[in-house]
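Visitor: Input: one structure, supplied below.
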Amino acid sequence: MLAEREIVQRFLETNHQVHPDVVNYIREQDDPALIDSILSQIPSDTLVVSVSHIPGLRRERDGTRFLADPELEVIWGSAGTSGSVSGHEDAAQYFRDRYNQLSSIIRNRITAMPIEALARSPHRYRDAECTIIGIVMEVRATAKGHRLVEIEDTTATINVLFNKSREAMFADAESILPDEVIGVKGKLSGDGNLFFAEQLYRPDIPIKHAPFRSDRPGKAVFISDVHVGSDTFLEDEWHRFADWLQDANAAYLLIAGDLVDGIGIYPGQEHELVIRNIYEQYDVFGEMLASLPSRLRIIAAPGNHDVVRGAEPQPALPAEFTSRFPNNCTLVENPCLLNLQGVRVLMYHGRSIDDMIGLIPGSSYDRPGEIMEQMLKRRHLAPSYGLRTPIAAAKQDRLVIDPIPEILHTGHVHICGITKYRGVLGINTGTWQSQTAFQKQMNVNPTPARAIIVDLETLAPEVKDFNR
Ligand SMILES: [Fe+2]
């Protein structure tokens, strides 16, 4: 396989810089001739060689194309589809499904062998470059600062060593999370007990991914974390937002959970509530939605403050809480995949952001966009199991990101963030609650009373601030 520095060097010799995505693509293709063919076709004024300069790489949308682009369709995550997992949970089956889904995405780019075949005949593979794909069982830092990662496929497990001196790869290896699915190219140690990693593959978004854009006008407004019932709910700001919606030509309003503040969510919450009855909280919220323009299509999902079970996927709000909700509001599960005029939106409350910030070096609550990118790289909304994000171990892993949406919408951390990663727009939509005592203690500075508007024809986001 071509080494990274050789590829970079080849481009430097012709006075070009090269984007890391192009370097990875050339390595994956393992085709040195590709460098010449890129260089022979780039315009003479090119400074940085990017993915668009790779000849023959056609940009395409992921998954099946829609025959018709309906106004609003819940592709999955309609009320009542999360299934019952009470009583019989089968974690082994859940992880097998996760492995199957994510490993097949990686297999679109590389060919891998079963781990058992390596272990069975180590002599045969000792000096050969091999690729394996596994789910991460355990991650450890060694005394010398390398990463030792135990991975498992359906046949066996093996320890993989990511050497910190391989800097380009190690930056990615440092953020390997328990239970994510990775591919590794490398070589087996002499005694056959250890696998030395040379390259790390994540399922990722293909570099040729091209998002779909609606062929007719339409605007969607994204919010989350309204927290009705809390004494820090920003009523005046919400009314300014509601007034603005009267004249805005928005067709959709998406709300990614924490519709109300809930009851008994954290110790001492009762002292911070102005509405101490859960039914009343939803009644007030329902009336707020009912006073918005009836032409709006509203889609509302639950979050960890809502009344449904916390384990994800979370069911849609049951009817007993939503009698005051208007008819133009569709209740969905968390997460869900929506289709707005052909633009697919994956809406997820974002509880796992807590876990990922705790595990990924250098990440911060102030930059939720980076965490959304990490979800997209792993093609999974909540990679690590058994931490703060409860996951219902159903037969199918519904938290896998497949197909690739045009927009990933999250909330939960109460801080706005926008990112664009390989054509996917990531938006984290802040909150309608000012800083709580708990957030003050945790040094979290929320960005409240903002809505993010996305033009479905261009996928361009715009932040609207209702603080003044
Ligand atoms: Fe929240």
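Visitor: Mind listing whichever residues of segment 384-439 are away from the ligand (no atom under 16 Å from the Cβ), part of a strand (DSSP E or B) and among the hydrophobic types (A, V, I, L, M, F, W, C)?
Guide: Passing the criteria: 391, 400, 407, 408, 418, 424, 425.
Visitor: What is the residue count in segment 397-453 for residues that are charged (D, E, K, R) and in contact with a Cys (Cβ under 6 Å, 6 or more places away or on another chain)?
Guide: In the first step, residues of segment 397-453 are kept if they are charged (D, E, K, R); the result is 397-398, 402, 406, 420, 422, 440, 450.
Restricting the remaining residues to those that are in contact with a Cys (Cβ under 6 Å, 6 or more places away or on another chain) gives 450.
The qualifying residues number 1.
Visitor: Among the residues that make up segment 190-201, is at least one of them buried (at least 17 other Cβ atoms within 10 Å of the Cβ) and within 22 Å of residue 347 (Cβ to Cβ)?
Guide: There is no residue in segment 190-201 that is buried (at least 17 other Cβ atoms within 10 Å of the Cβ) and within 22 Å of residue 347 (Cβ to Cβ).
Visitor: While we're on this one: I'd like the full set of residues that are part of a loop (DSSP other than H, G, I, E, B) and either surrounded by 13 or more Cβ atoms within 10 Å (Cβ to Cβ) or among the small types (Gly, Ala, Ser) (or both), limited to segment 15-30.
Guide: As a first pass, look at segment 15-30 and keep what is part of a loop (DSSP other than H, G, I, E, B): 15-16, 19, 30.
Hits for segment 15-30 are 16, 19.
Visitor: Within the group 264, 229, which residue is within 16 Å of the ligand (Cβ to nearest atom), out of contact with any Leu (no Cβ under 9 Å at 6 or more places or on another chain) and either assigned by TED's automatic domain parsing to the domain that holds residue 405 or among the acidic types (Asp, Glu) (or both)?
Guide: Working: 229 fails: out of contact with any Leu (no Cβ under 9 Å at 6 or more places or on another chain).
Checking each option against the conditions leaves just 264.
Visitor: Next up: Within the group 408, 359, which residue is in the same structural domain as residue 248 (by TED's automatic domain parsing), touching a residue at least 24 places away in the same chain (Cβ under 8 Å) and closer than 20 Å to residue 205 by Cβ?
Guide: Numbers: 359 fails: closer than 20 Å to residue 205 by Cβ.
When all the criteria are applied, what remains is 408.
Visitor: Suppose we keep only residues that are over 26 Å from residue 24 (Cβ atoms) and of a type in the set (Ser, Thr, Tyr) within segment 106-158. Which one would you say is nearest to the chain's Cα centre (by Cα)?
Guide: Among those residues, the one meeting the criterion is 154.
Visitor: Sort out which residues of segment 267-312 are surrounded by fewer than 23 Cβ atoms within 10 Å (Cβ to Cβ), closer than 19 Å to residue 352 by Cβ and within 14 Å of the ligand (Cβ to nearest atom), and write them in order of number.
Guide: 304, 310
Visitor: Would you list the strands (runs of 3 or more DSSP E) that sit entirely within segment 250-354 and hold 2 or more residues that are touching a Gly at 6+ places or on another chain (Cβ under 9 Å) and of a type in the set (Lys, Arg)? Steps first, answer last, please.
Guide: Working: elements: 252-256, 297-301, 329-340, 343-347.
Per the criteria, no element qualifies.
Visitor: Now a separate question. Within segment 200-228, how many residues turn out to be over 30 Å from residue 101 (Cβ atoms) and out of contact with any Phe, Trp or Tyr (no Cβ under 8 Å at 6 or more places or on another chain)?
Guide: 3
Visitor: Could you list, ordered by first residue, the pairs with Cβ atoms under 6 Å in which the first is in segment 391-403 and in the same structural domain as residue 314 (by TED's automatic domain parsing) and the second is modelled with pLDDT under 90, at least 6 apart or interchain?
Guide: What qualifies is 392/85; 393/89; 393/91; 394/83; 394/85; 403/62; 403/63.
Visitor: Right, here's the next one. Can you find a residue in segment 444-455 that is more than 15 Å from the ligand (Cβ to nearest atom) and under 16 Å from the mean Cα position of the chain (by Cα)? Break it down into steps so the answer makes sense when it comes.
Guide: So in segment 444-455, the residues more than 15 Å from the ligand (Cβ to nearest atom) come out as 451-455.
If we keep only those that are under 16 Å from the mean Cα position of the chain (by Cα) as well, we get none.
Scanning segment 444-455 turns up no residue that is more than 15 Å from the ligand (Cβ to nearest atom) and under 16 Å from the mean Cα position of the chain (by Cα).
Visitor: Continuing with the same structure: Confirm whether residue 140 is out of contact with any Asp or Glu (no Cβ under 9 Å at 6 or more places or on another chain) and not β-branched (Val, Ile, Thr).
Guide: Numbers: out of contact with any Asp or Glu (no Cβ under 9 Å at 6 or more places or on another chain): no; not β-branched (Val, Ile, Thr): yes.
So residue 140 fails the test.
Visitor: Does residue 443 qualify as being crowded, with 18+ Cβ neighbours inside 10 Å and of a type outside the set (A, V, I, L, M)? Walk me through it before giving the result.
Guide: On the way: crowded, with 18+ Cβ neighbours inside 10 Å: no; of a type outside the set (A, V, I, L, M): yes.
Here the answer is no, as residue 443 does not meet what is asked.
Visitor: A follow-up question, please. Only one of (1) in the same structural domain as residue 402 (by TED's automatic domain parsing); (2) out of contact with any Lys or Arg (no Cβ under 8 Å at 6 or more places or on another chain) fails for residue 249. Which number is that?
Guide: Going through the list (1) in the same structural domain as residue 402 (by TED's automatic domain parsing); (2) out of contact with any Lys or Arg (no Cβ under 8 Å at 6 or more places or on another chain), residue 249 breaks only (2).
The values are calculated or read from the model by the stated rules, or taken from the named source; none is laboratory data. Everything quoted here is computed from the prediction, not taken from an experiment. Every residue, glycine as well, gets a Cβ built from its backbone with ideal geometry; the counts of neighbours run over all protein chains shown.
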